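A.B. asks: Okay, here's the structure, questions in a sec.
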Amino acid sequence: MRIQTFGDSVLRQRAAPVDEVTPEIRAICERMVEAMVRADGVGLAAPQIGVSKRIIVLDVDGDFHILINPELVATSGAVEESSEGCLSVPGVAALVPRRTEATIRGTTLDGNTVEVTGEGLLARAIQHEMDHLDGRLFLDHLSPAKRQSLLKAYRRSQTDEEK
Ligand code: ZN
């Protein structure tokens, strides 16, 4: 399964809410978990596998969640810069400012409403995946100059790979 990469329009769309957990939605979740595990990622959003729906999966230090229609409840704590990358912009990373604590509320596949609160890497992953559902990428948080240089490095790494 191909992970959508920078330039694919689905990554820039606002994903649609899920009306009902159907077998199709379950299958999408399975594919997302599979893609996340295979890429050794800490999170994945449905648009990254080409599905413009509001679903995210998270797996930070064994803290595993599949959340449907997640909403950001709160972010708090300090704003910290830490290295961040994205499976959809492979091969590059940048220091991205994020709040150190974040809470989201979403629905599980069993139909239960749950809240997930994270600090540090989990908080970062939560904010990163929520961004994907609104068509934002981590590089959108960078200054224009830093974004330019990141994209230059990214394009260079992609060209090298094709050789
Ligand atoms: Zn990402």
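A.B. asks: Compare the Cα positions of 92, 133, 55 along the charge dipole of the chain (+1 at Cβ of Lys, Arg; -1 at Cβ of Asp, Glu; about the Cα centre) and return the one farthest towards the positive end.
C.D. replies: About the Cα centre, the residue reaching furthest to the positive side is 92.
A.B. asks: Right, next: So for 82, 88, what's the accessible-area order with a 1.4 Å probe, most first?
C.D. replies: Working: 82 50, 88 0 Å².
The ordering from most to least exposed comes out as 82, 88.
A.B. asks: In addition: Would you work out the charge dipole size for region 9-162 about its Cα centre, treating the Cβ of every Lys and Arg as +1 and the Cβ of every Asp and Glu as -1, and quote it to the nearest 20 debye?
C.D. replies: Dipole of region 9-162, to the nearest 20 debye: 680 debye.
A.B. asks: How far apart, in nm, are two points set 7 Å out from the Cα along the Cα-to-Cβ line at residue 136 and at residue 108?
C.D. replies: 2.8 nm
A.B. asks: Percent of alpha carbon pairs in region 1-133 separated by more than 21 Å?
C.D. replies: In whole percent, the long-distance tail amounts to 36.
A.B. asks: What part of the accessible area of the chain, given as a whole %, is carbon or sulfur when the probe is 1.4 angstrom?
C.D. replies: Ligands and nucleic acids excluded, carbon and sulfur give 47 percent.
A.B. asks: Can you give the accessible area per residue of the chain, in Å², using a 1.4 Å probe? Mind showing how you got there, number by number?
C.D. replies: Details: 8490 Å² over 163 residues.
So the chain comes to 52 Å² accessible per residue, rounded to a whole number.
The values are calculated or read from the model by the stated rules, or taken from the named source; none is laboratory data. Note that the coordinates shown come from a computational prediction; the quantities given were computed from them, not determined experimentally. Quick reminder, even Gly has a Cβ in these numbers, built from the backbone with ideal geometry, and neighbours come from all protein chains shown. Ligands, DNA and RNA are stripped out before the accessible areas are found, and what is left, the full protein with its side chains, is counted by its heavy atoms. Shrake-Rupley method; radii C 1.70, N 1.55, O 1.52, S 1.80 Å.
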